[in-house]
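Chemist: What follows is a single structure, and I will ask about it in a moment.
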Amino acid sequence: MADAAGRIATLAEEVLGTPLPIRVRAWDHSETGPPGGPTLVIRRRRALRRFLWRPGELGLARAWVAGDLDVEGDLYDALDRLSGLLWERDPATAPRSRLRTGIQALRDPGLRTAAREMIALAGPGLPPPPPREEARTTLGSLHSLRRDRKAISHHYDVGNDFYELVLGPSMVYSCAYWDRADSTLEDAQRAKLDLVCRKLALRPGQRLLDVGCGWGSMVLHAAREYGVRAVGITLSEEQAAYARKRIADAGLTDQVEIRVQDYREVPDGPYDAISSIGMAEHVGAVRYAEYTAILHRLLRPGGRLLNHQIARRPQPDEEAYHVDEFIDRYVFPDGELAPVGRTVAQLEEAGFEVRDVEAIREHYALTLRRWVANLERSWTQGVRLTSPGRARVWRLYMAASALSFERNRIGVNQVLAVRTPEGGASGLPLRTRDWRG
């Protein structure tokens, strides 16, 4: 009988219609595939059972999180080699599509031999339970207040110590702004916060609302460096407690307030400026018009909004768009990305005048690679602070996201908009370099 790795590779090629681009090692220590690069390690038969019971991305994700599936060698190289199977843009020709249809074809009488081979490799057994790190946030309607709070808690309430390890001293969980690729992460994050403040033209005494304030880095920087009075809102109790301590330690409790509050619950506009940095991805398509309308209402006439948001590529068939199952179950439950054009259109429909869109996807790739390096450098501590599965989720999603930004599969944009008053005086200078600083 052939070794397990060879049988898996043959079956995969039959189903996918293309050879596996990566070396494979199975639980019996057999290996096959191109040498000299990373190796996909199938540690247990259970990985195949997961895939049989949930074919496609979710089965693979569960196997990875549980440690049934692993990569030895350069994770970026491995993901790059597998990118044609995972991220091919054309749904008609993508191996990923062939993967789905191929698994369905295993039920076809003509491929019963392949189906029996897959079952023999996987071994008998009931469906393995999902890893405990998988989100269970389906209570309540999509993007209701209750469900959004649970989704945010899944991602952000995993321990502030873990986020300190990954993010570093800045505690900023969004794309940094790099003057040079060899800048420190802390300098690049400080540059991003300052860029946002300059685009908003913050001045002493103004009121700033930071929607999705995280651990308080934006409101702290704006209060300390620009003299504003700031309100930061988050749905995470852990973030709020951490941010309040930072504010107290900085002696800024008279200038900065942190609330555990949804953007739909803010009662006290108008504000002179609003920042929303890496938060709109959680809003959801069904709520985006409401979100932009609320921000417009909370902003005074002449006030500025800076919306910093990840964007996906437009799809030929937008109705067929779906969120990746790995991201939805393990990283950002109920999160949704939209093309930047749709974001701009909805801001305009809410009454904003959009004045500038700056695309900075390369900056996010650099940021993510630094976060991955931080986690890998302190891997044992990261596992201790969370769980082996949680650390594996973060490492995979951040590395895959870095490659997606580098390959232009996703982008990130800072959209500057104004609630232009009647009469049309926006208050912006004639040249963008003047208000960018």
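Chemist: Look at A176 and say whether it is in a helix (DSSP H, G or I) and either modelled with pLDDT of 95 or more or under 18 Å from H308 (Cβ atoms) (or both).
Modeler: no
Chemist: Now a separate question. For L202, state whether it is farther than 26 Å from A338 by Cα, touching a residue at least 60 places away in the same chain (Cβ under 8 Å), over 25 Å from the mean Cα position of the chain (by Cα) and not in a helix (DSSP H, G or I).
Modeler: yes
Chemist: Quick check: anything in segment 223-235 among the small types (G, A, S), in contact with a helix residue (DSSP H, G or I) (Cβ under 8 Å, 6 or more places away or on another chain), assigned to a strand (DSSP E or B) and assigned by TED's automatic domain parsing to the domain that holds L165?
Modeler: yes
Chemist: Now for a separate question. Can you say whether G67 is touching a Phe, Trp or Tyr at 6+ places or on another chain (Cβ under 6 Å) and surrounded by 15 or more Cβ atoms within 10 Å (Cβ to Cβ), as far as the supplied structure shows?
Modeler: No, not satisfied.
Chemist: Starting from residues that are in contact with a Lys or Arg (Cβ under 7 Å, 6 or more places away or on another chain) and more than 15 Å from I277 (Cα to Cα), keep the ones in segment 303-333 and report whichever is surrounded by the most Cβ atoms within 10 Å (Cβ to Cβ).
Modeler: G303
Chemist: When segment 371-385 is examined, which residues are found to be buried (at least 19 other Cβ atoms within 10 Å of the Cβ) and either out of contact with any Asp or Glu (no Cβ under 6 Å at 6 or more places or on another chain) or charged (D, E, K, R) (or both)?
Modeler: Start the filter on segment 371-385 by keeping residues that are buried (at least 19 other Cβ atoms within 10 Å of the Cβ), which leaves 371-372, 375, 382, 385.
Those that are buried (at least 19 other Cβ atoms within 10 Å of the Cβ) and either out of contact with any Asp or Glu (no Cβ under 6 Å at 6 or more places or on another chain) or charged (D, E, K, R) (or both): W371, V372, L375, G382.
Chemist: How many of the residues making up segment 258-307 are under 17 Å from R149 (Cα atoms) and charged (D, E, K, R)?
Modeler: Selection size over segment 258-307: 6.
Chemist: Shifting gears a bit: Here is a list of conditions, (1) within 16 Å of the chain's Cα centre (by Cα); (2) of a type outside the set (F, W, Y); (3) within 30 Å of R229 (Cβ to Cβ), and A311 meets all of them except one; can you say which number that is?
Modeler: (3)
Chemist: Give me a count of the residues in segment 19-39 that are under 20 Å from A120 (Cα atoms) and either assigned to a strand (DSSP E or B) or basic (K, R) (or both). Give the steps one after another, and end with the answer.
Modeler: Kept after step one, since they are under 20 Å from A120 (Cα atoms), are these residues of segment 19-39: 24-32.
Add one more test, that the residue is either assigned to a strand (DSSP E or B) or basic (K, R) (or both), and what stays is 24-25, 31-32.
Counting residues in segment 19-39 that are under 20 Å from A120 (Cα atoms) and either assigned to a strand (DSSP E or B) or basic (K, R) (or both) gives 4.
Chemist: Have a look at G212, G205 and point out the one that is closer than 21 Å to E265 by Cα and either aliphatic (A, V, I, L, M) or in the same structural domain as R304 (by TED's automatic domain parsing) (or both).
Modeler: G212
Chemist: Name every residue in segment 386-424 that is of a type outside the set (S, T, Y), over 18 Å from the mean Cα position of the chain (by Cα) and either farther than 22 Å from H155 by Cα or modelled with pLDDT under 95 (or both), in order of residue number.
Modeler: V415, L416, A417, V418, R419, P421, E422, G423, G424 - these are the residues of segment 386-424 that are of a type outside the set (S, T, Y), over 18 Å from the mean Cα position of the chain (by Cα) and either farther than 22 Å from H155 by Cα or modelled with pLDDT under 95 (or both).
Chemist: Residue by residue through segment 236-268, note down the ones that are over 24 Å from A188 (Cβ atoms), touching a strand residue (DSSP E or B) at 6+ places or on another chain (Cβ under 7 Å) and surrounded by fewer than 24 Cβ atoms within 10 Å (Cβ to Cβ).
Modeler: Within segment 236-268, E237, A240, R244, Q255, E257, R259, V260, Q261, Y263, V266 qualify.
The values are calculated or read from the model by the stated rules, or taken from the named source; none is laboratory data. For clarity, every value in this text was computed on a predicted model and none was experimentally measured. In this analysis, Cβ positions are derived from the backbone assuming ideal geometry, glycine residues included, and neighbour counts consider all displayed protein chains.
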